[in-house]
Structure formats: structure tokens, C-alpha cells
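A quick write-up on the structure given underneath.
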């Protein structure tokens, strides 16, 4: 059964539009800038955790004391 050329053309245009939209969504999801921003936000969120935040402060204080001790010996 033969199809109408106008119907075929509309189907092709519809498929093309759907493909373009899908590619736009994939391009946005795979954007290096977006991935970097998401990674940065994840790291910053981890630093807001009190266990990690105060642990890093303690490590920094210990290192500072060790350096000062080494300098003044």
C-alpha cells in the first residue's frame, strides 16, 4: 500500500525534530562545563560535612604545629 508523499515528509520532519531534541538533551548532559560544575558542587558539599570539615582543620593544625616545631628546633 503506497503512502502519501506529504505524510512521508511530515514523518521525516517529525523524526528529525525528535532526533535534534534528543541530541540537544544529550549534549547538555555531557557538557564538560556541566560535569565540572556538578563535581565541584559534590566536593563542596562534602567539605560542609562537619566530620570532614573539622577533620581537615585538625590535620592542618597538626601540620602547622609540626612545621613550627621543626623551624624552632
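Starting from the 7 Å offset along Cα-to-Cβ, what nm value, one decimal, do you get for the label separation of residue 44 and residue 65?
Distance between label points: 3.2 nm.
Using the eigenvalues of the Cα gyration tensor, what equivalent ellipsoid semi-axes result for region 5-73 when each is taken as the square root of five times the eigenvalue, whole Å, largest first?
Values: eigenvalues 683, 26, 3 Å².
Result for region 5-73: semi-axes of 58, 11, 4 Å.
Round to a whole angstrom and tell me the spacing of the C-alpha centers of region 1-39 and region 57-73.
One Cα centre to the other: 58 Å.
Computed from the coordinates by the stated procedures, all read-outs in this text should not be read as laboratory data. Worth saying up front: this structure is predicted, and the values here are computed from it rather than measured. Note: ideal-geometry Cβ built from the backbone for every residue, glycine included; neighbour counts use all protein chains shown.
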